[in-house]
C-alpha cells in the first residue's frame with residue numbers, strides 16, 4: 001500500500017514539473033516564464049520529499065524526517081533566487097530603454113500615492 005502511495009506522489013510531482021516545463025515553453029515573456037517553474041518546482045519538491053519520507057519510514061523502523069531539511073532549504077532559497085532573477089532582468093530591460101513600469105522612488109505626491117517619473 002505504501003509503494004502505491006509513493007508512486008502516486010512521484011507521479012503527481014512529475015506531472016507538476018511537466019506542466020511547469022510546458023508553461024516555460026509556451027509563455028512569451030521572461031517574467032511570465034519565471035512564474036510557472038518557480039511554483040511547480042517547490043510543490044514538486046514537497047511531493048518528492050513526502051514520498052521519500054513515506055518510503056524510508058515504511059522500510060526502516062522509526063520516522064525518517066531528514067528529507068525535510070532539503071525541502072526547507074528549497075522553500076527558503078527558491079523564492080529568493082526567483083526575486084533576484086526578476087530584479088536583474090528588470091534592471092537590464094530598463095537599461096536597454098524598454099518601456100516598463102518606472103522604479104519606485106519612495107517619494108509621495110499630494111494625494112498620498114507614490115509618484116512616478
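Quick check on my filter: what residues within region 47-81 are in contact with a helix residue (DSSP H, G or I) (Cβ under 6 Å, 6 or more places away or on another chain), closer than 23 Å to residue 20 by Cα and modelled with pLDDT of 85 or more?
47, 48, 49, 50, 51
Condition check ((1) crowded, with 18+ Cβ neighbours inside 10 Å; (2) under 18 Å from the mean Cα position of the chain (by Cα); (3) assigned to a helix (DSSP H, G or I)) across all residues:
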position	(1), (2), (3)
4	no, no, yes
7	no, no, yes
13	yes, yes, yes
39	no, yes, yes
55	yes, no, yes
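Cβ-Cβ distance below 6 Å, separation of 6 or more or different chains: which pairs start in region 56-76 with a residue that is within 22 Å of residue 3 (Cα to Cα) and end on one that is part of a loop (DSSP other than H, G, I, E, B)?
56/64; 57/63; 57/64
Could you grab me the full set of residues in region 88-108 that are surrounded by 11 or more Cβ atoms within 10 Å (Cβ to Cβ), farther than 13 Å from residue 29 by Cβ and modelled with pLDDT of 80 or more? It would help to see each step written out before you state the result.
First, the residues of region 88-108 that are surrounded by 11 or more Cβ atoms within 10 Å (Cβ to Cβ): 89-94, 100, 102-103.
Next cut, farther than 13 Å from residue 29 by Cβ only: 91-92, 94, 102-103.
Of everything in region 88-108, those that are surrounded by 11 or more Cβ atoms within 10 Å (Cβ to Cβ), farther than 13 Å from residue 29 by Cβ and modelled with pLDDT of 80 or more turn out to be 91, 92, 94.
Need pairs with beta-carbon distance below 6 Å; first residue modelled with pLDDT of 80 or more and within region 20-46, second not in a helix (DSSP H, G or I); sequence gap 6+ or separate chains.
Sorted first by the residue in region 20-46, then by its partner, the pairs are 33/27.
The values are calculated or read from the model by the stated rules, or taken from the named source; none is laboratory data. What you see is a predicted model, and the numbers here were worked out from it, not measured in a lab. Glycine also receives a Cβ, built like all others from the backbone with ideal geometry; neighbour counts cover every protein chain displayed.
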